[in-house]
Amino acid sequence: MKYVLFVCTHNAGRSQMAKAFFDCYAPHDIRAESAGQDPAPAVWPEVVEVMREVGLDVSVEKPRKLIVEMQLHADWAVTMGCGDACPYVPTTVEDWDIPDPAGRPIDEVRAIRDGVEARVKDLVHNRLEAIRSDRTAHQLRLVRLLPSLAREFDGLRSDEEIRACADAILAQYEDVPVRSFVMSIAHRRATECLRAEHCDALAVA
């Protein structure tokens, strides 16, 4: 499973629209999340109205605070007119210059909705394979995990065995929602595997 993160300031308009459209158009192996630096109490009412016009109900969505763990979890991110808001996303971050619909006349909100939908369709039609194949997040976690394992098992295991074990264990956590906890778990499991006669992670890889 891969995750695309949509971010705008209040998570009450643009990013909610984008998530709803992405969930509608994207295949099941790529999911969307949305958040904002300063989440509003609820999705803007004008946004709820125009999304209902196209058969999507965002009234049940609650704006969420953008946190580090959410960014670490993303395999791709899209910011919407909020500048450099995702410093912890370990892979591609796009910026879509889309105006905030809050307080705008309903015709302008419809135009913003249609613009967001067009952008999401372009993302789904033209960049899904790039999202699926991007291994940046996995490679960064591997870089963090390997040095301590290499020191601990120097002379006991080959570099190839250490790398293969760490790679196999990290791959098992690609769907974990909060990836900041993965490193300590992965280190413990890799240590146990490399100390054992046979590495169970490699046996199932």
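Read the figures in this text as sums done on the coordinates, not as results from a lab. It should be emphasised that the depicted structure is a prediction, and the values quoted were computed from it without experimental measurement. Every residue, glycine among them, receives a Cβ derived from its backbone with ideal geometry; neighbour counts consider all protein chains shown.
Before moving on, here are some points about what is shown:
- Only lysines eight or more places from residue 65 in sequence, or on another chain, were considered; those with a Cα closer than 25 Å are 2, 19.
- The base-10 log of I(q)/I(0) for region 42-147, evaluated at q = 0.15 Å⁻¹, reads -0.79 [Debye formula, identical scatterers on Cα atoms, solvent excluded].
- Cα long-axis angle, helix 106-126 against the chain (0 to 90 degrees, to the nearest 10): 30 degrees
- Three-way shape label, region 22-85, alpha-carbon gyration tensor, a/c 1.5: oblate
- Degrees separating the helix 159-171 axis from the principal Cα axis of the chain, which is the longest one: 30 degrees
- Equivalent ellipsoid semi-axes - Cα gyration tensor, the chain, angstrom: 41, 15, 13
- Positive dipole terminus of region 48-148, leading residue within 77, 50, 88 (C-beta point charges): 88
- In the chain, the calculated helix contribution to ellipticity at 222 nm averages -15500 deg cm²/dmol per residue, counting -39,500 (n - 2.57) for every DSSP H run with n ≥ 4.
- Helix 136-152 and the longest principal axis of the Cα set of the chain meet at an angle near 20°.
- Ratio Rg/Rh, restricted to region 67-124 and using Cα atoms, in which Rh is the Kirkwood radius: 1.04
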